[in-house]
Amino acid sequence: MLRQFAYFTVLYLAAVCFTPSGLLFAEDAVPAAPKAAAPAAATPAAVPATPAVAPPVIQPGHSLHGEAFDEGPRQKAYLMANTGKISFPVTTKVPECQQFINQGVGQLHGFWYFEAERSFRQAAALDPNCAIAYWGMAMANINNQKRAKVFIAEAVKRKKELTPREDRYIEALENFYKEDAKKGKDKGEKEKYEKYTKALERIYLDHPEDLEAKAFLCHQLWDDRSHSVPITSNLAISALINEVLAVEPLHPVHHYKIHLWDYEKAELAIPSAAKCGQSAPSIAHMWHMSGHIFSRVERYGDAAWQQEASARVDHAYMQRDRVLPDQIHNFAHNNEWLIRDLSFVGRVRDAVDLAKNMSELPRHPKYNTMQKHGSSYYGRLRLFEELNRYELWDELAALCETSYLEPTEVVLEQYKRLRYLGVAKVRRGDVEGGKVQLAALEEKLKEECRKQSETDAVKTKKEAEDKAKAEAAKPAPLIAPAPALPEADPMTPEKKPTNPQIQALEKAMAEIQGHIAVAGQDFKTALVKLREAGDVDPIYIAKVQFQAGEKDAALKAGRDAASSRKNQTHPLASLVDLLILAGEPKEAKETFDKLRAMSTHIDIKASPVFSRLTPFAVQHGLPEDWRDIKPPEKDVGERPALDTLGPFRWQPQAAPEWIAENATGEKVGLAQLRGKPLVLIFFLGHGCLHCSEQLQAFAPKTADFAKQGITLVGISTDGREGLEKSLKSYGDQPFPFALLSNPPMDAFKANRAFDDFENRPLHATFLIDAQGLVRWQDISHEPFKDIDFLLQESKRLLPMSPASPGASPAVAAKP
């Protein structure tokens with residue numbers, strides 16, 4: 001292995017970076033060596049000449065223009081249409097460059113920063129001297145100041161022939177980041193943002209024809225409140241937004257009005273909620289934001305429609321452009337909120353299916369792990385919640401034996417899984433199965449208490465030692481000290497340590513014990529235990545309280561719980577059931593009528609929560625489908641058919657076909673490899689040290705992947721001669737998996753493992769299933785080398801069979 005490493009190190013250091021044919025900004029593509037200095041005047045002692053500085057070696061896959069350009073989108077943009085009615089004139093002689101600038105500004109207004117940066121990069125590729133293109137890249141990195149500063153510096157370099165208006169935009173952002181550098185992070189934040197806001201205001205005052213100046217000012221006046229600058233008048237900002245809308249009624253500034261009133265007086269933003277998505281229908285977040293307002297005013301059906309529109313637009317875009325879902329920063333936020341709203345209106349099956357879909361999405365160390373609160377975290381969270389809320393115990397227990405709700409090394413998540421599984425077993429009648437889960441939790445509790453005792457002992461010992469040292473260092477007192485007061489009891493509530501693992505286990509055990517007590521008709525014990533558990537449906541507890549003989553208190557608790565969750569179907573249905581149980585038919589019918597008034601979307605047969613009310617409905621002369629279907633409200637705007645926006649669920653897409661050659665010149669294509677799962681590794685030739693490290697990391701794991709039925713294949717930019725060098729790199733042993741040659745790089749381009757802006761290949765790794773669908777990918781300036789992560793992700797993903805749109809995937813058995 002040492003010999004192999006030395007061999008590739010020499011190759012890497014000797015490698016010459018090729019010059020691309022397409023440059024993002026031309027004049028400083030590769031730093032040139034300094035020019036020779038003019039001969040010095042004769043002096044008594046000769047001055048040594050300054051040695052020439054060699055240009056830095058740019059690693060394969062990295063941008064020619066520095067670290068800031070390594071990240072972000074590196075595939076070309078296209079004109080999407082429907083990203084907002086924008087006119088943002090810039091200095092350029094390339095008409096298409098202007099179109100991409102307008103598109104990028106619309107995407108900025110929609111907080112679609114990933115695609116905004118792509119649009120501005122495309123503008124720069126079309127016109128490398130377009131300064132505003134680099135300003136746009138900086139604006140698209142509002143959450144990454146390190147990259148933003150690099151981009152605005154590039155804009156400043158190109159300010160020579162700008163209009164005064166363009167110059168002011170660049171100057172405002174340049175000064176904003178200079179202020180940050182001068183004052184230091186988190187210092188003088190209020191003054192910094194006030195100055196930037198004032199600069200935007202001056203742009204508009206000097207250029208009143210610039211509608212975007214006013215729009216950006218509206219955004220900044222709202223956003224300043226997150227940076228120590230309070231909003232003194234929401235009405236004043238709202239009036240400014242209305243001035244923009246008076247000129248362009250479908251300007252994406254509707255987005256800012258929604259944010260402005262979201263936590264203040266949401267009903268004032270309903271007119272903008274009716275137009276926000278329609279103002280930029282290609283941007284998912286613009287549909288989502290309307291859902292904020294409808295949720296605030298407790299119109300959950302309308303909120304769900306908006307967030308479903310957002311999910312469908314995002315899914316269509318991600319599938320079309322082969323972008324990992326969680327690369328878009330607000331994607332998981334929308335879909336988990338959509339699940340909540342679907343639940344509120346009783347769309348049980350859709351809520352569960354979408355939660356499962358979030359769990360099916362590819363995990364990635366950068367974007368989506370259980371710790372990062374992306375789709376993986378939220379999918380699991382909402383899936384547990386919905387199955388529990390709607391009493392789908394069989395499905396919950398079954399999914400705990402699959403990759404959807406599998407055991408996890410995240411401790412609190414694993415304890416939650418044991419809790420839910422124990423509850424499901426008891427609630428479906430398997431009390432003994434629940435006791436097994438309870439015993440497992442008891443063992444975990446003993447272990448956690450033991451660890452806590454050891455931690456406490458070490459802490460107590462150290463505190464005693466520190467106290468003794470401090471006492472020893474003190475001078476002897478002249479007067480004897482008064483007797484010390486006795487210390488407080490270490491087990492008092494003030495002193496008792498709080499350990500989240502122990503608390504989670506105690507609550508989990510309490511809930512399972514409570515349900516076991518219910519099964520044994522011991523309702524008084526059950527009531528105590530369920531209250532100890534926390535996070536138990538309050539109306540379920542009210543039912544137990546009624547059965548424990550506390551009718552009045554139970555009915556009050558049930559009514560209070562339902563009224564605190566206005567316009568939500570589950571609590572109202574549960575209250576009807578409680579009232580029927582308590583022998584209150586009149587109030588039960590009145591409450592049922594309220595439920596029917598919001599029943600348009602209820603999936604009656606999907607859950608016992610609704611289906612057990614059917615006999616009551618029939619008894620009162622209603623059909624078994626007792627819903628009261630109502631038309632949409634009239635203030636929601638013109639809505640397109642949801643199916644025209646995209647699919648309800650994200651699904652993996654077919655891998656592009658390609659043909660490459662092996663070392664003997666034989667043609668090999670993806671079609672020949674179909675039928676078995678495949679890990680496909682695109683690497684940048686035998687001279688790339690990082691690629692060698694990647695191949696050397698994959699090679700020993702070949703057998704582990706093979707155990708899962710997965711084939712490994714590498715595709716190189718090298719010709720056959722270079723490929724043979726890669727094959728020989730493994731020493732005397734044959735390389736354990738196939739390496740192929742693709743010097744035209746058409747396979748790289750087809751798989752988007754290519755920087756279109758700089759015309760150079762990128763590192764990429766794909767997991768392709770037996771049907772030829774891409775289940776996971778990493779495309780980057782660096783090769784993916786966390787092999788164990790990919791192996792575990794392959795084990796998780798491949799048993800999850802992708803379903804047809806709108807269908808629920810079959811429960812897959814764990815491998």
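So if we plug the beta-carbon distance of Asp628 and Glu657 into 1/(1 + (r/R0)^6) with R0 = 60 Å, what FRET efficiency do we get, rounded to 0.05? Can you show the working numbers first?
Numbers: r = 52 Å, r/R0 = 0.87.
Computed FRET efficiency for Asp628 and Glu657 comes out at 0.70.
Rounded to the nearest 10 degrees, the angle from helix 538-547 to the longest Cα principal axis of the chain is 20 degrees. Computed with a 1.4 Å probe over protein heavy atoms only, the accessible surface of region 718-769 comes to 37 Å² per residue. Here's the picture: charge each Lys and Arg Cβ at +1 and each Asp and Glu Cβ at -1 in the chain, and of Trp337, Ala706, Ala140 the one pushed furthest to the positive end of that dipole is Ala706. Computed with every protein chain present, the accessible area of His690 is close to 40 Å² [probe 1.4 Å]. Only the Cβ atoms of Lys and Arg (+1) and of Asp and Glu (-1) were treated as charged; on that basis the dipole of region 517-622 about its Cα centre amounts to roughly 140 debye. Counting only DSSP beta bridges with both residues in the chain, the antiparallel share comes to about 65 percent.
Starting from the Cα gyration tensor of region 728-772, take the square roots of the eigenvalues, sort them a ≥ b ≥ c, and report rounded, prolate or oblate (rounded when a/c is under 1.5, otherwise prolate if a/b is larger than b/c, else oblate).
Values: a/c = 2.75, a/b = 1.46, b/c = 1.88.
Taking the square roots of the gyration eigenvalues as a ≥ b ≥ c, region 728-772 is oblate.
What is the angle, in °, between the Cα long axis of helix 523-533 and the longest principal axis of the Cα atoms in the chain? Nearest 10 is fine, range 0 to 90. Tilt relative to the chain: about 20 degrees. Around the amide H of His364, modelled in the peptide plane, lie the amide H atoms of Thr369, all under 5 Å away and 5 or more residues distant in sequence or on another chain.
Axis of helix 551-563 versus longest Cα principal axis of the chain: the two differ by about 30°, to the nearest ten degrees.
With charges only on Cβ, +1 for K and R and -1 for D and E, what is the dipole size of region 61-177 about its Cα centre, in debye, rounded to 20?
Working: 15 positive and 13 negative charges, 17 e Å.
Here region 61-177 has a charge dipole of around 80 debye.
Our helix-only sum for the chain, with -39,500 (n - 2.57) per DSSP H run of n ≥ 4 divided by its residues, gives a mean residue ellipticity at 222 nm of -16500 deg cm²/dmol. Counting only residues at least eight positions apart within a chain, or on another chain, the lysines with an alpha carbon under 20 Å from that of Lys356 are Lys372, Lys416, Lys605, Lys795, Lys814.
As a length-normalised measure over Cα pairs under 8 Å and 6 or more apart, the relative contact order of region 154-240 settles at 24 percent. The listed residues Thr711, Thr569, once ranked by accessible area (1.4 Å probe) with the largest placed first, stand as Thr711, Thr569. Within the same chain, lysines fewer than 8 places from Lys725 are excluded, and of the rest, those with a Cα less than 27 Å from its Cα are Lys667, Lys701, Lys749, Lys785.
Could you work out how much longer the chain between Asn759 and Glu432 gets when fully extended? Use 0.36 nm per residue separation minus the Cα distance between them, nm to one decimal.
Numbers: separation 327, 0.36 × 327 = 117.72 nm, distance 6.40 nm.
Length gained, Asn759 through Glu432: 111.3 nm.
Please report the carbon-and-sulfur percent of the accessible area for the chain; probe 1.4 Å, protein heavy atoms only, DNA, RNA and ligands left out.
Numbers: 20820 of 37360 Å².
Ligands and nucleic acids excluded, carbon and sulfur give 56 percent.
The largest accessible area among Lys461, Lys159, Lys725, Lys543 belongs to the first residue in Lys461, Lys725, Lys159, Lys543, and the rest follow in falling order (1.4 Å probe, all chains). Residues of region 85-121 with an amide N closer than 13 Å to a point placed 7 Å from the Cα of His329 along the Cα-to-Cβ direction: 108-117. Working note: Karplus 6.51/-1.76/1.60 with θ = phi - 60° gives region 218-228 the couplings 4, 4, 5, 4, 6, 5, 4, 5, 8, 10, 6 Hz, where Gly and Pro are set to x. Over all other residues within a Cβ to Cβ distance under 12 Å of Lys785, the charged ones net out to -4, with Lys and Arg as +1 and Asp and Glu as -1. Compute the distance in nm between two label points, each set 7 Å from the Cα along the Cα-to-Cβ direction, one at Lys566 and one at Glu532. Output for this residue pair reads 3.7 nm. Per-residue SASA remark: Ser607, around 0 Å² accessible (1.4 Å probe; ligands, DNA and RNA not included).
The solvent-accessible area of Val668, taken with every protein chain present and a 1.4 Å probe, is close to 20 Å².
In order along region 95-107, the Karplus-derived 3J(HN,Hα) couplings, from 6.51 cos²θ - 1.76 cosθ + 1.60 at θ = phi - 60°, round to x, 5, 4, 4, 4, 6, 4, 4, 5, x, 5, x, 5 Hz, and Gly and Pro are given as x.
How would Asp206, Asp350, Asp778 line up by accessible area, probe 1.4 Å, largest first? Don't jump to the answer; show the numbers that get you there.
Details: Asp206 90, Asp350 50, Asp778 15 Å².
Ranked from most to least accessible, the order is Asp206, Asp350, Asp778.
Using the Karplus relation 6.51 cos²θ - 1.76 cosθ + 1.60 with θ = phi - 60°, the per-residue 3J(HN,Hα) values for region 332-342 come to 4, 4, 5, 5, 5, 5, 4, 4, 4, 5, 4 Hz, with x marking Gly and Pro. For Val668, nonlocal amide neighbours, meaning residues 5 or more places apart or on other chains whose placed amide H falls under 5 Å from its own, are Ala660, Glu661, Asn662. Where q = 0.16 Å⁻¹, what log10 of I(q)/I(0) comes from the Debye formula for region 252-376, counting one point per Cα? Here the Debye-derived log intensity ratios amount to -0.76. Computing FRET efficiency as 1/(1 + (r/R0)^6) for Glu264 and Glu724, where r is the C-beta to C-beta distance and R0 is 56 Å, gives about 0.25. The label-point distance for Glu465 and Arg612, in a model that sets each label 7 Å from Cα toward Cβ, rounds to 5.9 nm.
The values are calculated or read from the model by the stated rules, or taken from the named source; none is laboratory data. What you see is a predicted model; the values in this text were computed from it and never measured. So basically every Cβ, Gly included, is an ideal-geometry build from the backbone, and we count neighbours across all protein chains shown. Only protein heavy atoms, including side chains, enter the accessible area calculation; ligands, DNA and RNA are left aside. Shrake-Rupley method; radii C 1.70, N 1.55, O 1.52, S 1.80 Å.
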